[in-house]
Amino acid sequence: MADTYTLKEHLWKKLENGPFTMVGLSDGNSHFEPLTAQLDKDQVDTIWFFIGKNNRLAKGGPAAVNFVSKGQDFFASLSGHATVDNNPAMIDKLWSNQVEAWFPGGKADPNLALLRFDIAEAELWEADVSLIGQLKMLFGGTIGPDEAGSHAVVSDTTI
């Protein structure tokens with residue numbers, strides 16, 4: 001099994017290639033919604049999201065982020081805590097044309113909020129099915145654990 005640093009590095013690469021996630025509060029009442037992850041390589045235990053101040057996530061609290069990679073071969077379920085953190089330096093650092101498309105007032109848009117998601121735990125799956133496993137799927141065989149890919153639980157995300 002890979003070490004924590006390698007697992008986080010792998011997750012970050014997958015998120016960079018397709019940053020679309022489902023984010024929700026862990027309050028039992030909220031639905032998850034699609035948001036684009038904003039990554040800061042200086043803060044590898046934090047994922048950022050631009051949201052509207054009126055978004056249901058703006059109240060913050062225990063939250064979760066679910067992610068499926070572009071190739072649908074990597075899955076992540078992250079738990080942690082969400083808070084609005086409108087640090088102007090971080091907004092500047094993460095700002096892009098894609099973000100500006102959602103906030104016509106730019107960085108000074110009165111509805112702009114930057115949601116900070118601090119990762120507490122992560123569960124990761126890599127569906128790296130072997131060639132033999134792929135043949136078994138094609139012809140209805142049973143895939144053994146050594147042919148199915150990998151799974152890791154990371155309960156301490158610090159390096």
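Any read-out appearing in this document is the output of simple, stated calculations on the displayed coordinates, not a laboratory observation. The structure displayed is predicted, hence computed values, not measured ones. Reconstructed Cβ throughout: ideal geometry from the backbone, glycine too, with neighbour counts over all protein chains shown.
Percent relative contact order of segment 20-80, based on C-alpha pairs within less than 8 angstrom and at least six residues apart? Please list the in-between numbers first.
Working: 92 pairs, mean separation 20.0, N = 61.
So the answer I get is 33 percent.
A 22 angstrom limit on the alpha carbon distance is what I want to check against. Which of LYS70/LYS107; LYS41/LYS70; LYS13/LYS107; LYS13/LYS41 exceed it?
Values: LYS70/LYS107 29 Å; LYS41/LYS70 20 Å; LYS13/LYS107 27 Å; LYS13/LYS41 11 Å.
Where the Cα-Cα span goes over 22 Å, the pairs concerned are LYS70/LYS107; LYS13/LYS107.
Summing Lys, Arg as +1 and Asp, Glu as -1, what charge do residues with Cβ under 13 Å from the Cβ of ILE51 carry, ILE51 excluded? Walk me through the numbers before you get to the answer.
On the way: positive: LYS53, ARG56, LYS59, ARG116; negative: GLU33, ASP85, ASP109.
Neighbour charge sum, excluding ILE51 itself: +1.
Expressed as a fraction of 2.2 N^0.38 Å, the rule-of-thumb size for a compact globular protein of N residues, what is the C-alpha radius of gyration of segment 31-89?
Against the compact-globule rule of thumb, the ratio is 1.19.
Mind checking segment 6-86 for trypsin sites (Lys or Arg not before Pro) that DSSP puts in a loop (not H, G, I, E or B) and that have at most 14 other Cβ atoms within 10 Å?
Sites meeting the loop and neighbour criteria: LYS41, LYS53, LYS70.
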